[in-house]
Amino acid sequence: MLETARAVEFEPLKNATGGSSPESVRRRLSDTAADVLEAVGAVVRRRTDGSAAVPIEVSPLVAADPGALAERVPPGTIIDRPFTLL
């Protein structure tokens, strides 16, 4: 069994705009990826509200955990433009 924190792993998609919209889901995915990237030593540009300032996507097929991500993203990598690791 695998348990995760719902607040971190779940973002509903039910509206076209505003909360629970494709935009808010993308932002949550970017924020989650930014947190993991920072945990392995990357530097992620953030907005004043703490959210990732750029779109970030990290495929779980490439880096399912921070250890696997650390092998692909060197410490000190600066994420200041859209970042995708597929």
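What follows is calculated from the coordinates using simple rules that are stated; it is not laboratory data. Keep in mind that this is a model prediction, so the values were computed, not measured. Positions of Cβ are generated from backbone atoms using ideal geometry, with glycine treated the same way; all protein chains shown enter the neighbour counts.
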Once Kirkwood radius over Cα pairs in Å is worked out from the coordinates, which option in (i) 13.6; (ii) 13.0; (iii) 16.9 does it equal?
(i)
How would you rank Asp31, Asp49, going from fewest to most other Cβ atoms within 10 Å of each one's own Cβ?
Asp49, Asp31
Order these by the 10 Å Cβ neighbour count, fewest first: Ser51, Ser30.
Ser51, Ser30
Only helical DSSP H runs with n ≥ 4 go in: add -39500 (n - 2.57) per run for the chain, normalise by residue count and round the 222 nm mean residue ellipticity to 500 deg cm²/dmol.
-10000 deg cm²/dmol
Residue-by-residue Karplus 3J(HN,Hα) for the stretch 16-28, coefficients 6.51, -1.76, 1.60, Hz, glycine and proline x
6, 9, x, x, 6, 10, x, 4, 5, 5, 4, 5, 4
Order of Arg28, Arg45 under a 10 Å beta carbon neighbour criterion, fewest first
Arg45, Arg28
